[in-house]
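Peer 1: Take this structure, written in structure tokens, and hold onto it; I'll ask about it next.
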Amino acid sequence: VSLALLPIASVKIMWPRTDEEKQRKRNCGFINLMERKDAEVAKEALSMKELFGIEMRIGWGKALPKPPVPIYVHDANDKGGLSRGGDRAVVKMPKDADTRALIDVMAEYVAKEGHSFERAVMERERGNPLFEFLFDASSGEGVYYKWRVFSLCQSDTLVEWRQSPFQMFAGGITWVPPTDEPASDRRSRSPSRDRHKRDALTEEERDAFEMMLRKLTAERDLVGDAMVFAISRAEAAKEVVETLTESMTILETPIPSKIARLYLVSDILHNSSAAVAKASLYRGLFENCLVEIFQALGDKLASIDGRITAEGMKDKVLRVLRVWEVWSLYPQAFTAKLESLFLGKPIPVEGAAKDEDLDGAPLEDVDGEAIDGEELDGEPLDDDVDGEPIGDDDMFPEGQAGDGAGKPKTKWDDDEEEEEGFNPNLPVSKWNKPTK
């Protein structure tokens, strides 16, 4: 019995990482089969057998979740289950450009996120003819998809890849990568058709995209589908951005629809760095339209009567701006401008002069001209400024020192002798009367 003959759900190899693990000269892994009975047969047949000179010891592991379909199924009528070329899988480019773009985007995500992402898409798109390549591994599109995933995992790109034949695993079939773009893509299209495909959506595609926008909610799957549609048609990025901008600048559009479309814009911008032809156009095109979009979002915010509804919208929009700052999509000054437009605040002026003297022209010389050769304080006095000390004899005549008799009289002095116990400064009352 061979594991290659059994439906496999998942495989995980525990590669040695530390020097101690490498010195053991052995390795381990986990194989999850779709059926328990197949696992029992494989364990009984392969236990204590040698593989590359190493004795295999097989035991049971903990139960793991299984995908709806196995990741590999052996087809006895078609060696490798991939190609009719005997022991060779000849990879050919899909003739339809849209199908090829869809497969490329799917392969990029699987190469990055792993087979768990592939299984999730398979569960959701079962019965969808656009994703038939995920279920029919023997079709031309299925062969191209599997090669593309493996190629991207080996650091190839969507425009450059190794073209020499190879084996994905020892003893497996030989894969022959495509050597060039198919002739039908290069020659069968006229220049005018090429120009149309690059610059604009077809009527069917535009109708489909507008329908997506009408039905769009903040649900992750719906936003993801619309994002894949936009990225896979990056050659018509200008029309996609114009359509999306138009849908977001209508005041009567409900708030949930506006927020969902803003999430779509964010998703497209995040994936504009993907290795898809002309996907990078989206960043520059959206930059030219975001001012109009956030102005319209601000108008919608100002028209809301309920405080809770307004705060909810404000929180969601500002979170998107904070995420863009983390991603460094645009300069901070630009995102600050978008925030000001949305909140109805004055737009910060870039490059405002900071070195200007706000108080006017400075005075040239506050102290005036210096006096050359002259003492600013004049000449010093030789005499004693304070003179001789003044004694008591100088202040009062003899016999009157300090008794006040020599002071001149004023209106506050009384000629009559003050009565004992009488205070003239208090009003006259029975408690303050002079005694005769």
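The values are calculated or read from the model by the stated rules, or taken from the named source; none is laboratory data. These numbers were taken from a predicted model, which means no experiment stands behind them. Here Cβ is always computed from backbone atoms with ideal geometry, including for glycine, and neighbour counts include all displayed protein chains. Side chains are part of the model used for accessible areas, which takes the heavy atoms of the whole protein and leaves out ligands, DNA and RNA. Shrake-Rupley method; radii C 1.70, N 1.55, O 1.52, S 1.80 Å.
Peer 1: I'm trying to understand the selection: among the residues of the range 6-23, which are of a type outside the set (Val, Ile, Thr) and either assigned to a loop (DSSP other than H, G, I, E, B) or under 16 Å from ALA137 (Cα atoms) (or both)?
Peer 2: Listed by number, the residues that qualify are LEU6, PRO7, ALA9, TRP15, PRO16, ARG17.
Peer 1: Can you run down the residue pairs with Cβ atoms below 7 Å, 6 or more apart or on separate chains, where the first is in the range 312-333 and more than 21 Å from PRO348 (Cα to Cα) and the partner is in a helix (DSSP H, G or I) and open to solvent by 50 Å² or more (accessible area, probe 1.4 Å)?
Peer 2: TRP327/HIS270
Peer 1: In addition: Restricting to the range 303-346, and then to whatever is assigned to a loop (DSSP other than H, G, I, E, B) and within 14 Å of the chain's Cα centre (by Cα), can you tell me which residue is farthest from PRO256 (Cα to Cα)?
Peer 2: PRO331
Peer 1: Can you tell me how many residues in the range 271-285 are open to solvent by 30 Å² or more (accessible area, probe 1.4 Å), in contact with an Asp or Glu (Cβ under 9 Å, 6 or more places away or on another chain) and either over 13 Å from GLU239 (Cβ atoms) or of a type in the set (A, V, I, L, M) (or both)?
Peer 2: Total meeting the criteria: 5.
Peer 1: While we're on this one: Quick check: is even one residue across the range 218-225 open to solvent by less than 20 Å² (accessible area, probe 1.4 Å) and over 25 Å from THR99 (Cα atoms)?
Peer 2: Looking for residues that are open to solvent by less than 20 Å² (accessible area, probe 1.4 Å) and over 25 Å from THR99 (Cα atoms), one finds none in the range 218-225, hence no.
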